[in-house]
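The values are calculated or read from the model by the stated rules, or taken from the named source; none is laboratory data. Please read these numbers as outputs of a predicted model, since none were measured by experiment. When we count neighbours, we look across all protein chains shown, and the Cβ atoms used for this are built from the backbone with ideal geometry, even at glycine.
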There are 2 protein chains.
Amino acid sequence: MILDSPHNQHVKFFRELREAKGRAEHGAFLAEGARLIGEALAAEWPIVAAAVSETPALAAMEIARALQGGKWPCLELTARAFRSLSDEQSPQGVAIAASIGRARLDEIAAAPGDVLAVAWELRDPGNMGTLVRTAEFLGCKALVAVGDCVDLFEPKVVRATAGAIFRLPLAEVKPDEFWAWAEAQSVTVAATVSEGGSPPEQMSAEGPVAVVIGSEAHGLPEAVARRAQARITIPRGGQVESLNAGVAAGIVLYAAARQVNTKDKG
Amino acid sequence: MILDSPHNQHVKFFRELREAKGRAEHGAFLAEGARLIGEALAAEWPIVAAAVSETPALAAMEIARALQGGKWPCLELTARAFRSLSDEQSPQGVAIAASIGRARLDEIAAAPGDVLAVAWELRDPGNMGTLVRTAEFLGCKALVAVGDCVDLFEPKVVRATAGAIFRLPLAEVKPDEFWAWAEAQSVTVAATVSEGGSPPEQMSAEGPVAVVIGSEAHGLPEAVARRAQARITIPRGGQVESLNAGVAAGIVLYAAARQVNTKDKG
């Protein structure tokens, strides 16, 4: 049976995942499109339910078939009903409700050579998703979201991760919990600050390193920068005020990953 | 006189700058908001005309006054008329028509120690704007857009540059012109490729370096990578397919800038 009504309760279930309230209620988040869902399937991520349009995009045909042949309930929808649940401007016609999986920070054992990405009150969904994508690509151990960050499972964040959300452990904690964990695990906390720190490639890589990135608008709180063991600043050659937060995080995380990598070899 | 009609010819002039055709006709592009316009004023960029809402946002009050006291024509608009020309979802109520200024590649003399950012058929406006911002921040000499790139002066690009567009020389050329210039100026062309290249920090920095970045969707054409003197690959530690193009460009440009910087000192 192909569902056509946006008011159908199953269609509504998917639509509700676009909002924090719905995600909390259902314990699931929305992922759309061939690329994202392909990563979820490859990672064998737990899927609660799937939704497939009767007219999926060409690029999504194979994924649509995989979703229809899976061990989860799969809705068949008209294009109209699919559009009503989709968060995309041009939906590909494939969506999943993916189980929300958070890591517990106290279960993340940091070893020498580990790099962790720490987002501190990062509010922008695009920057957060890009950070998850970058951290996973570079082989970071986990992403830790500290304090009042954007919801990691909102559609814009999920999209910007390009599927890395299904690969990288994600923890959400309060500032106190973060500091307690860092101390207990002897993690070197490196704060990225706009001035006064060392260049990224001079970062000390003794033991595990947690690279802390602040919000694009406000940077890191002064108290966080002071409490960190190291302060990192990307040297500026031009006149504009700052880098995009995602780009800055990429440069610093890359330097940390290479430091650690080089030590391993040496 | 405060204009209220979206059909007023002066309001229409601004609105037309949102499209390539209008920009070509008027030789100007649209820049909005306190931050962007602040950078334009600081850089003493040629301004063709300004538009100010009678109710600008608090953050834009000072810029509104500066625009009203400038040596260019300044329209006063109702909020409704301003919205009709704005490309922003929440307009701050200040806009300028900035003169389009392109650099001629053959007038860019590359010296040892110079790094240039080269966008090769880069189509995404956000990535292009971020690249301009990153290149300016890191002190690159210029940005060269080669082949069929997104229009450098479209509103989304301009916004993502965060004002760097008013600081960095921008050239648009065909592939043949780029190669001829690189040869004539003995520029080392370093192509960023997804596999098989050297890590960024091992980039040779003899003479000027042009770091070439391809599109997010397709990467660099094979022929470009082959013809370049160096191939750069960011080592992957995780499982996702790729980095965001803006982040990848940032990592490679930073490494190039630091190589050059270190040589200067040594």
Take residue A:57 and tell me if it is touching a residue at least 40 places away in the same chain (Cβ under 8 Å) and not polar (S, T, N, Q). no
Can you work out which of the residues in the stretch B:223-242 that are farther than 24 Å from residue A:42 by Cβ and crowded, with 16+ Cβ neighbours inside 10 Å is farthest from the other protein chains (Cβ to nearest Cβ)? B:224
Given the conditions (1) at pLDDT 95 or above; (2) buried (at least 21 other Cβ atoms within 10 Å of the Cβ), and given that residue B:258 satisfies all but one, which numbered condition is not satisfied? (1)
Can you give me the ranges of the strands (runs of 3 or more DSSP E) entirely in the stretch A:41-133 with at least 1 residues that are hydroxyl-bearing (Ser, Thr, Tyr)? A:47-53, A:94-99
Could you list all residues from the stretch B:128-158 that are over 18 Å from residue A:238 (Cβ atoms) and either of a type in the set (Phe, Trp, Tyr) or under 9 Å from the mean Cα position of the chain (by Cα) (or both)? B:153
For residue B:168, the lone unmet condition from (1) within 17 Å of residue B:215 (Cα to Cα); (2) touching a strand residue (DSSP E or B) at 6+ places or on another chain (Cβ under 9 Å); (3) of a type outside the set (Ser, Thr, Tyr); (4) crowded, with 19+ Cβ neighbours inside 10 Å is (1)
If you check residue A:123 against the conditions, is it under 18 Å from residue B:245 (Cβ atoms) and surrounded by fewer than 23 Cβ atoms within 10 Å (Cβ to Cβ)? no
Could you please find all residues in the stretch B:109-159 being aromatic (Phe, Trp, Tyr) and in contact (Cβ under 8 Å) with a residue 40 or more places away in the chain? B:120, B:153
Look at residue B:208 and say whether it is crowded, with 21+ Cβ neighbours inside 10 Å, in contact with an Asp or Glu (Cβ under 9 Å, 6 or more places away or on another chain) and modelled with pLDDT of 90 or more. yes
Within the stretch B:96-113, the count of residues that are crowded, with 18+ Cβ neighbours inside 10 Å and over 18 Å from residue B:44 (Cβ atoms) comes to 3
Of the residues that make up the stretch B:142-159, is at least one over 25 Å from residue B:17 (Cα atoms) and either modelled with pLDDT under 95 or surrounded by 17 or more Cβ atoms within 10 Å (Cβ to Cβ) (or both)? no
Could you tell me whether any residue of the stretch A:30-39 is crowded, with 20+ Cβ neighbours inside 10 Å, out of contact with any Phe, Trp or Tyr (no Cβ under 9 Å at 6 or more places or on another chain), part of a loop (DSSP other than H, G, I, E, B) and small (Gly, Ala, Ser)? yes
Quick check: anything in the stretch A:19-35 basic (Lys, Arg) and within 18 Å of residue A:151 (Cβ to Cβ)? yes
Hey, can you tell me all the residues within the stretch A:157-172 that are charged (D, E, K, R) and either more than 7 Å from every other protein chain (Cβ to nearest Cβ) or over 14 Å from residue A:138 (Cα atoms) (or both)? A:159, A:172
Kindly indicate which of A:253, A:220 is more than 7 Å from every other protein chain (Cβ to nearest Cβ), in contact (Cβ under 8 Å) with a residue 60 or more places away in the chain, in contact with a Gly (Cβ under 6 Å, 6 or more places away or on another chain) and within 18 Å of residue A:143 (Cα to Cα). A:220
Scanning the stretch B:16-25 for residues that are surrounded by fewer than 18 Cβ atoms within 10 Å (Cβ to Cβ) and touching a residue at least 12 places away in the same chain (Cβ under 8 Å) gives B:18, B:20
